[in-house]
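The block underneath contains the structure these notes are about, expressed in structure tokens.
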Amino acid sequence: MAMASAGTPASGTELAGKVALVTGASRNIGRAIALSLAAGGAAVAVNARASREDAQAVAREIAAAGGQAEVFMADIADGRAVNEMVAAVIKRFGRIDILVLNASVRNERPFAEMSFEEWRSILAISLDGSFHCVKACLPSMIGAGAGSIVMLGGMMALSGARRRVHGSVAKHGMVGMTRALARELGEQGIRVNCVAPGQMNTTRAAGRSPRVDPKAAIPLGRLGEPEEIATTVRFLCGSGASYINGQTIHVNGGQMMF
């Protein structure tokens with residue numbers, strides 16, 4: 001599948017008839033993933049926790065391109081809210097074939113100043129949220145005898161990151177969860193993989209640590225674009241990746257090599 005230029009997902013039909021739930025899909029990488037899956041033919045459930053207006057803008061953009069999308073608001077750290085969201089998605093679209101776990105919070109704090117509440121808030125979204133979403137979507141996937149789950153990890157899961165001990169632990173946990181679920185669910189036709197972005201050209205909250213100098217730190221000499229992560233996720237959800245399971249795909253321009 002050829003990569004589209006930034007902001008222009010390649011159209012296709014490899015995901016036609018599929019239904020995808022994308023968490024944290026209102027902006028940045030999540031938005032790009034939602035648009036790319038829709039361009040591949042999937043109906044997309046656009047999830048957000050608070051930014052309804054941004055999520056609705058993504059759904060409108062998909063609809064304007066001829067796709068199907070609807071917004072489903074929920075905090076994925078809340079198990080009851082997730083169950084209600086998944087039930088609503090299935091009521092609207094009939095099934096869930098693809099689950100993309102993109103939602104996360106990227107707070108920074110020196111570990112010596114970090115409260116337990118801050119620690120738990122990050123793990124609750126990445127790890128508890130993954131637990132709730134996978135559990136809720138599994139019956140639909142098991143019933144269909146197939147499914148694709150893609151978790152969004154991060155380079156810091158292996159490299160570590162100053163001021164982001166909680167985030168590094170959460171992303172490392174998602175890698176472990178990917179591998180364990182891939183072993184457990186593979187016999188039911190459900191593939192589980194992880195995509196680990198490197199330094200990306202995304203909108204960042206005020207106060208975040210500065211990005212690396214891409215010319216000095218990244219062999220390709222530039223930051224990645226959200227669409228480049230979305231293209232990888234879309235590939236993993238399609239039939240071309242039917243024998244890829246339990247893998248972490250690093251998309252970082254060569255900043256870290258494995």
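The values are calculated or read from the model by the stated rules, or taken from the named source; none is laboratory data. Computed from a prediction, not measured in an experiment: that's the story for all the values here. Reconstructed Cβ throughout: ideal geometry from the backbone, glycine too, with neighbour counts over all protein chains shown.
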When you go through (1) closer than 16 Å to Gln188 by Cα; (2) without any contact (Cβ under 8 Å) to a residue 40 or more places away in the chain one by one for Ser148, which number turns out not to apply?
-> (2)
Within region 164-182, is even one residue touching a residue at least 40 places away in the same chain (Cβ under 8 Å) and loosely packed, with under 14 Cβ neighbours inside 10 Å?
-> no
Within region 65-90, residues under 13 Å from Ser130 (Cα atoms) and polar (S, T, N, Q) come out as Asn83
Taking region 79-124 only, how many residues are surrounded by fewer than 21 Cβ atoms within 10 Å (Cβ to Cβ) and among the β-branched types (Val, Ile, Thr)?
-> 2
Being out of contact with any Phe, Trp or Tyr (no Cβ under 8 Å at 6 or more places or on another chain), modelled with pLDDT under 95, assigned to a loop (DSSP other than H, G, I, E, B) and over 19 Å from Ile29 (Cα atoms), is that true of even one residue in region 194-203?
-> no
Within region 115-142, tally of residues that are in a helix (DSSP H, G or I), over 15 Å from Val175 (Cβ atoms) and among the polar types (S, T, N, Q) = 2
May I ask you to list pairs of residues, at least six apart or on different chains, whose Cβ atoms are under 9 Å apart, with the first in region 96-112 being more than 30 Å from Val19 (Cβ to Cβ) and the second being modelled with pLDDT of 90 or more and part of a loop (DSSP other than H, G, I, E, B)?
-> Arg109/Ser115
Those residues of region 168-193 that are closer than 11 Å to Gln247 by Cα, hydrophobic (A, V, I, L, M, F, W, C) and outside any helix (DSSP H, G or I) come to a total of 1
